[in-house]
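Here's the structure, in structure tokens; my notes come after.
The values are calculated or read from the model by the stated rules, or taken from the named source; none is laboratory data. Values in this document were obtained by computation on a predicted structure and should not be read as measured data. Reconstructed Cβ throughout: ideal geometry from the backbone, glycine too, with neighbour counts over all protein chains shown. Ligands, DNA and RNA are stripped out before the accessible areas are found, and what is left, the full protein with its side chains, is counted by its heavy atoms. Shrake-Rupley method; radii C 1.70, N 1.55, O 1.52, S 1.80 Å.
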Amino acid sequence: MSDLTQLYQDIILGHNKRPRNYGALEGYSGKAEKNNPLCGDEVSVYWKTEDDRISDLRFTAQGCAISRASASIMTELLSGKSKKESVALFDAFRTLLEEEGGAASEEAELGDLMALSGVRQYPSRIKCAFLPWQALLEEWA
Amino acid sequence: MSFDVTKIREEFPILATQVGKKPLVYLDNAATTQKPQEVIDVLDSYYSETNANIHRGVHHLAEKATEAYEQSRREVAQFIHAATEDEVIFVRGTTEGINLIANTFGNKFIEAGDEIIISTMEHHANIVPWQLFCEARGAVLKVIPVSDAGELEMDSYESLLSERTKLVSVVHASNSLGIINPVKSIIEKAHGVGAKVLLDGAQAVGHFPVDVQELDCDFYVFSGHKLFSATGIGVVYGKYDLLDSMPPYQGGGDMISRVSFEGTTYKAPPGRFEAGTPHISGAIALAASIRYLEKQDRAALLDYEHELLEYATESLSEIEGLKIIGTAAKKVSLVSFTMEGTHPHDVATVLDADGIAVRAGHHCTQPLLQRFGVPATARASFAFYNTREEIDKLAQALTKIQVLFA
Ligand SMILES: Cc1ncc(COP(=O)(O)O)c(C=O)c1O
């Protein structure tokens with residue numbers, strides 16, 4: 001199970017079991033839903049902004065451990081971030097998963113997301129990790 | 001057991017594959033089946049010894065290829081007990097077959113206000129073509145509901161039937177839950193109101209013998225790749241008089257009798273529905289997989305698959321937090337399940353690490369899974385080359401999941 005423990009690191013399993021900022025948000029300034037047509041997974045993201053920065057970010061999801069953990073970590077990481085900073089973080093995350101040996105330099109910023117680096121070995125699961133990020137960033141104007 | 005599973009496994013070369021350091025345990029047969037060496041050899045020898053275009057050459061190879069292609073049609077006709085080989089149309093697969101029927105039979109015989117009945121348990125291939133058709137034509141789509149055990153609710157079906165019903169299109173065996181539908185009674189009742197019946201046999205033909213005349217269905221469709229043969233080849237069966245009353249599907253070469261700018265006339269079935277160069281090698285490989293199957297004691301294969309199903313159902317039921325969806329008695333050999341606290345995707349990934357291939361997702365049956373209130377299931381689907389030992393490995397790996405995600 002060694003490859004598996006690389007994929008399902010304790011941090012991931014923890015976020016999956018006890019996701020942070022889980023649940024709908026009342027009085028949101030934006031909301032987005034995205035699904036993965038391949039597997040039917042669905043994520044909804046709700047956010048409030050103040051001065052163009054995220055002041056509250058929550059999600060609900062029907063999805064796998066990877067997408068739930070990714071969403072949970074995202075809600076923590078993007079707190080207080082601007083759109084531009086959020087996009088930059090997502091780009092760093094994409095580099096981490098899509099490029100060989102990617103994103104070592106971004107380690108500090110990526111925080112718990114680094115625990116998702118094992119997903120790189122599972123190309124069909126990368127979509128799961130990106131789902132909540134794409135939901136937010138495609139809709140947040 | 002009157003057949004030898006070890007010997008059978010040797011006939012399917014891919015089954016000797018290693019995944020990482022683990023032997024492949026292939027339990028995704030409902031998605032596609034593996035191919036016996038005989039079928040692989042036929043594909044190979046077609047291209048090295050026979051290849052030519054069909055129905056349009058007088059040279060040696062053209063005649064040889066045409067004969068092989070038409071011989072395949074005869075073998076398919078015998079396999080499903082069609083009255084004549086002219087009732088067998090080669091298409092790309094089940095999906096194209098259903099679209100063909102919507103675009104030919106549908107366009108000619110189904111009008112605004114007419115009704116088409118499908119069921120909740122259909123594959124998207126037997127939903128979306130009818131939605132598109134109804135949208136374009138103003139016809140109405142009605143849906144037979146499914147019980148908690150996964151069976152069609154026959155009383156509701158009867159109450160949906162009326163003179164407005166022009167077509168009933170249902171799956172013979174469900175790819176998602178494995179349920180085998182009471183198609184004979186469905187057909188009788190539909191015929192009672194003058195409606196035609198299409199059966200989606202994608203998951204049926206690979207498991208049990210099908211006799212289209214005995215069933216009295218009007219159309220039957222299936223895919224070669226789920227019948228131990230090539231991808232890209234499938235079959236539409238239609239009763240001859242019905243096919244003969246239908247307009248062409250696609251226009252092109254090979255489907256015409258005579259072309260002129262004053263007016264073009266079309267071939268009789270099945271040629272009318274096969275425009276262009278078909279998947280010749282695929283049709284020939286399909287006949288090869290049929291020959292392979294017919295050589296076996298099919299009753300013994302079916303018994304064996306049924307034993308696997310019972311064994312898997314028992315072993316999996318013992319796993320804590322595991323819930324089997326689709327518990328009706330009459331099933332083809334597959335088990336669809338969910339695990340408390342673990343998403344099916346994660347289940348499939350963990351199993352893959354042990355070399356076990358299962359499918360996780362909605363299996364192209366989203367309305368059905370919505371009916372059961374789950375977004376996805378994991379599905380282990382068996383063929384006669386699977387073994388009890390493989391099911392033991394599945395059960396062991398599933399038990400590990402409980403620990404990992406606890
Ligand atoms: C019941 C059923 N219908 C239709 C299809 C579609 O078959 P194909 O993809 O070969 O066209 C499948 C297979 O995915 C199926 O299982």
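Go through the residues of the stretch B:181-194 one by one and say whether even a single one is over 24 Å from B:Glu85 (Cα atoms) and either in contact with a Lys or Arg (Cβ under 6 Å, 6 or more places away or on another chain) or among the acidic types (Asp, Glu) (or both). Yes, some residue in the stretch B:181-194 is over 24 Å from B:Glu85 (Cα atoms) and either in contact with a Lys or Arg (Cβ under 6 Å, 6 or more places away or on another chain) or among the acidic types (Asp, Glu) (or both). From the list B:Glu85, B:Glu96, B:Glu70, the one residue that fits, being open to solvent by 20 Å² or more (accessible area, probe 1.4 Å), in contact with a Lys or Arg (Cβ under 7 Å, 6 or more places away or on another chain) and closer than 24 Å to B:Pro247 by Cα, is B:Glu85. Starting from residues that are charged (D, E, K, R) and assigned to a loop (DSSP other than H, G, I, E, B), keep the ones in the stretch B:234-265 and report whichever is least open to solvent (accessible area, probe 1.4 Å). For the stretch B:234-265, the residue satisfying everything is B:Asp254.
The lone criterion from (1) open to solvent by 10 Å² or more (accessible area, probe 1.4 Å); (2) of a type in the set (A, V, I, L, M, F, W, C); (3) over 23 Å from B:Leu27 (Cβ atoms) left unmet by B:Val358 is number (3). For the stretch B:305-354, a residue qualifies if it is open to solvent by less than 30 Å² (accessible area, probe 1.4 Å), part of a helix (DSSP H, G or I), over 21 Å from B:Val146 (Cβ atoms) and within 14 Å of chain A (Cβ to nearest Cβ), and the qualifying residues are B:His345, B:Asp346, B:Val347, B:Ala348, B:Thr349, B:Val350, B:Leu351. Residues in the stretch A:111-141 that are part of a helix (DSSP H, G or I) and of a type in the set (A, V, I, L, M): A:Leu113, A:Met114, A:Ala115, A:Leu116, A:Val119, A:Ile126, A:Ala129, A:Leu131, A:Ala135, A:Leu136, A:Leu137. For B:Ile8, state whether it is modelled with pLDDT of 95 or more, under 25 Å from the mean Cα position of the chain (by Cα), within 16 Å of the ligand (Cβ to nearest atom) and within 30 Å of B:Ala378 (Cβ to Cβ). When the stated conditions are applied, B:Ile8 does not pass them. For B:Ser223, state whether it is under 25 Å from the mean Cα position of the chain (by Cα) and within 25 Å of B:Ile54 (Cα to Cα). It is true that B:Ser223 is under 25 Å from the mean Cα position of the chain (by Cα) and within 25 Å of B:Ile54 (Cα to Cα).
Out of B:Gly206, B:Gly178, B:Gly150, which single residue is under 22 Å from B:Ala82 (Cα atoms), within 16 Å of the ligand (Cβ to nearest atom) and away from chain A (no Cβ under 14 Å)?
Checking each option against the conditions leaves just B:Gly206.
Conditions tested, residue by residue: (1) surrounded by fewer than 22 Cβ atoms within 10 Å (Cβ to Cβ); (2) away from every other protein chain (no Cβ under 12 Å).
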residue: B:His362; (1), (2): no, no
residue: B:Gln366; (1), (2): yes, no
residue: B:Phe372; (1), (2): yes, yes
residue: B:Thr377; (1), (2): no, no
residue: B:Phe382; (1), (2): no, yes
residue: B:Thr387; (1), (2): yes, yes
residue: B:Asp392; (1), (2): yes, yes
residue: B:Thr399; (1), (2): yes, yes
residue: B:Phe405; (1), (2): yes, no
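Just give me the residues in the stretch B:177-201 being in a loop (DSSP other than H, G, I, E, B) and open to solvent by 10 Å² or more (accessible area, probe 1.4 Å), in sequence order. Within the stretch B:177-201, B:Pro182, B:Val193, B:Gly194 meet the criteria. Here A:Ala104 meets each of (1) modelled with pLDDT of 95 or more; (2) away from every other protein chain (no Cβ under 14 Å) with one exception, condition (1). Scan the stretch A:11-58 for residues that are within 14 Å of another protein chain (Cβ to nearest Cβ), in contact (Cβ under 8 Å) with a residue 40 or more places away in the chain and open to solvent by 90 Å² or more (accessible area, probe 1.4 Å) and jot them down. Listed by number, the residues that qualify are A:Glu33, A:Leu38. The set of residues in the stretch B:52-76 that are touching a residue at least 40 places away in the same chain (Cβ under 8 Å) and away from the ligand (no atom under 16 Å from the Cβ) comprises B:Asn53, B:Ile54, B:His55, B:Arg56, B:Ala65, B:Ala68, B:Tyr69, B:Gln71, B:Ser72, B:Arg73, B:Glu75. No other residue among B:Leu152, B:Leu167, B:Leu141, B:Leu161 is closer than 16 Å to B:Tyr220 by Cα and more than 17 Å from the chain's Cα centre (by Cα) apart from B:Leu167. Are any of the residues in the stretch B:211-225 in contact with a Pro (Cβ under 6 Å, 6 or more places away or on another chain) and either touching a residue at least 40 places away in the same chain (Cβ under 8 Å) or open to solvent by 20 Å² or more (accessible area, probe 1.4 Å) (or both)? No, that holds for no residue. Return yes when B:Glu158 is within 21 Å of B:Ala125 (Cα to Cα) and not aromatic (Phe, Trp, Tyr) and no when it is not. So B:Glu158 does not fit the description; no. Only a single criterion out of (1) closer than 26 Å to B:Pro209 by Cα; (2) more than 20 Å from the chain's Cα centre (by Cα); (3) assigned by TED's automatic domain parsing to the domain that holds B:Glu390 is not satisfied by B:Lys331, namely (2). Taken as a whole, the condition of being out of contact with any Leu (no Cβ under 9 Å at 6 or more places or on another chain), in contact (Cβ under 8 Å) with a residue 40 or more places away in the chain, among the hydrophobic types (A, V, I, L, M, F, W, C) and part of a helix (DSSP H, G or I) does not apply to B:Ala204.
Condition (residue is in contact with a helix residue (DSSP H, G or I) (Cβ under 7 Å, 6 or more places away or on another chain), modelled with pLDDT under 95 and open to solvent by 10 Å² or more (accessible area, probe 1.4 Å)) applied to the stretch B:284-296: is it met by at least one residue? So far as the stretch B:284-296 goes, no, none of its residues is in contact with a helix residue (DSSP H, G or I) (Cβ under 7 Å, 6 or more places away or on another chain), modelled with pLDDT under 95 and open to solvent by 10 Å² or more (accessible area, probe 1.4 Å). Pairs linking a residue in the stretch A:116-141 that is of a type in the set (Asp, Glu) to a residue that is surrounded by fewer than 24 Cβ atoms within 10 Å (Cβ to Cβ), with Cβ atoms under 6 Å and 6 or more positions apart or on different chains, are A:Glu139/A:Ala32. Flag: A:Asp112 matches the condition of being in contact with an Asp or Glu (Cβ under 8 Å, 6 or more places away or on another chain) and touching a residue at least 24 places away in the same chain (Cβ under 8 Å).
Counting only residues that are buried (at least 17 other Cβ atoms within 10 Å of the Cβ) and in a helix (DSSP H, G or I), the stretch B:16-37 holds 0 of them. Checking each residue in the stretch B:355-374 for being charged (D, E, K, R) and either within 15 Å of the ligand (Cβ to nearest atom) or assigned to a strand (DSSP E or B) (or both) picks out only B:Arg359.
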